[in-house]
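Written below as structure tokens is the structure these notes are about.
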Amino acid sequence: MKPNKMKRMNGFRLILVVIASCLAVASGDEAGEVKALADRVHAHQRALGSQFKNQHWVRGTYYAGLMAMYESTSDRAYLDDCMEWGQEVAWHVKDKSDGPFDSGAYSLIYSQIWFGCYQAQQDASIIQPTLAFLENPDVTNPLSNPTGWYLENTGHRFVDGLFTGPPALAMLYQMTGDDKYVDWMDNFFWDVHGEIFDEDAGLFFRGPPSISRKTKNGKKLLWSRGNGWAFGGVTRILNYLPQDHASYARYKALYVQMAESLATRQQADGFWRTNLDDPKQFEMRESTGTGFFTYGIAWGVNNGILDMERFLPLATKGWAALASVVNEEGQIGWSQPPGGGPGKVEETDTTRYGAGIFLMAASEIYQLEQE
């Protein structure tokens with residue numbers, strides 16, 4: 001049993017009762033309500049069909065949410081969609097020869113899904129193409145270009161890749177016990193961190209071009225979803241990297257540092273604004289950064305890393321905010337379109353990756369209530 005489990009459970013139930021009353025949602029089966037909302041989002045995305053090519057970071061992020069929901073609920077409907085996608089592309093990992101290519105860091109988002117499918121099916125053929133990809137000197141990987149494979153196609157280090165790439169390497173280490181995967185992960189993650197992390201804020205810039213820029217209010221450009229990519233990435237690393245591994249403590253320290261910073265930047269309505277350092281730059285709500293932060297903070301409470309009394313209210317407020325922007329059809333609004341920094345968001349903005357991020361948050365809120 002996790003520390004303070006009963007206390008955390010009772011506190012979470014109490015807060016959910018308050019949230020439910022505010023949203024006019026029937027209470028009594030909060031976990032069921034969380035899953036019902038996630039199922040509605042999933043059904044809406046299935047009805048839309050594919051909007052992107054088979055191997056694209058948008059689809060990868062969406063399927064990461066599906067896999068998270070399967071792992072939390074054991075609902076095969078979520079796994080089946082992941083299996084269908086993997087079979088469709090033969091568990092392939094994208095490289096430059098496959099068409100437009102943004103970064104080697106993006107390629108491993110697919111491997112995160114393949115790993116989940118492998119874990120569920122215990123079929124080595126699912127993960128074999130990923131292992132082969134990482135051993136192939138003719139593709140963009142840690143062997144062929146140790147210090148550059150994860151850069152954006154502009155040549156910059158960028159925060160988005162911290163979600164798509166490093167967690168896959170942590171998963172492979174868990175599977176194989178081979179330290180080369182952690183070595184590759186550490187080299188990638190901490191190289192990017194060293195260039196674009198702001199120690200004073202405890203948060204990341206999106207990339208080097210953002211470091212010197214200021215808003216009209218004289219504030220830094222600390223993009224919400226950009227930090228969501230990083231916070232979601234380090235959350236997933238900690239979920240798979242064994243606690244007794246020499247690299248674990250450094251990732252945990254960063255995770256806690258970011259969580260503490262995020263705790264001071266959530267707004268009264270439960271959302272985080274697109275600029276974490278200047279919420280007045282764009283004052284409207286935004287669901288993708290909020291989804292990532294709700295996911296990561298709820299995970300920390302679930303795993304006893306974050307203090308329940310301090311952080312549970314942040315997670316529940318974040319979840320209430322997210323639930324408020326899902327319509328009757330299961331479409332998520334206020335989802336900032338693709339971009340590289342803070343920006344204006346409208347209620348009608350909706351994205352497939354936003355649905356995946358929402359489902360990741362739902363998976364951890366569901367686990368909180370299950371306890």
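For the stretch 293-355, the Kirkwood estimate of the hydrodynamic radius, built from every pair of different alpha carbons, is 13.1 Å. Think of the chain as having a plus end and a minus end, set by charges on the Cβ of Lys, Arg, Asp and Glu; of 41, 144, 326, 326 sits farthest toward the positive end of this dipole. Net charge dipole, the stretch 278-340: roughly 120 debye, given to the nearest 20, about the Cα centre with Cβ charges of +1 for Lys and Arg and -1 for Asp and Glu.
Quick one: Debye curve from the alpha-carbon atoms of the stretch 26-169 only, equal weights, vacuum; give me log10 I(q)/I(0) at q = 0.09 Å⁻¹ to two decimals. Per q value, in the given order, log10 I(q)/I(0) is -0.30.
In summary, the convex hull built on the alpha carbon positions of the stretch 134-173 has an orientation-averaged projected area of 3.0 nm². Taking all Cα pairs closer than 8 Å and separated by 6 or more residues, the relative contact order of the chain comes to 22 percent. Dividing the helix sum by the residues of the chain, where each DSSP H run of 4 or more adds -39500 (n - 2.57), gives a mean residue ellipticity at 222 nm of -19000 deg cm²/dmol.
Highest mean packing first, where packing is the average number of other Cβ atoms within 10 Å per residue, the peptides 100-107, 295-302 line up as 295-302, 100-107. Give the residue from 292, 270, 233 lying farthest towards the positive end of the charge dipole for the stretch 225-313; charges sit on Cβ (+1 for Lys and Arg, -1 for Asp and Glu) and the dipole is referred to the Cα centre. Towards the positive end, the residue furthest out is 233.
Enclosing the Cα atoms of the stretch 243-371 in their convex hull gives a volume equal to 117 cubic angstrom per residue. Note on the stretch 223-273: Kirkwood radius taken over Cα pairs, Stokes-Einstein applied at 20 °C and 1.002 mPa s, translational D equal to 181 µm² s⁻¹.
In angstrom, the C-alpha Rg and Dmax of the stretch 89-203 are 14.1, 46. Computed about the Cα centre, the dipole magnitude for the chain is approximately 880 debye when only Lys and Arg (+1) and Asp and Glu (-1) carry charge, each at its Cβ. Assign one of three labels to the stretch 134-274, namely rounded, prolate or oblate, based on the Cα gyration tensor with a ≥ b ≥ c the square roots of its eigenvalues; rounded applies when a/c is under 1.5, prolate when it is not and a/b is larger than b/c, and oblate otherwise. Taking the square roots of the gyration eigenvalues as a ≥ b ≥ c, the stretch 134-274 is oblate. Packing order of peptides 278-291, 125-138, 330-343, highest average first: 278-291, 330-343, 125-138 (average count of other Cβ atoms within 10 Å over each peptide's residues).
Out of these labelled values of volume of the Cα convex hull per residue in Å³, (1) 219; (2) 163; (3) 128, which was calculated from the coordinates shown here? Read-out taken from this structure: (3).
Just so you know, all these numbers are worked out from the coordinates, no wet-lab data involved. Predicted, not measured: the structure shown is a model, and the values here were computed from it. We place every Cβ from the backbone using ideal geometry, glycine too, and count neighbours over all the protein chains shown.
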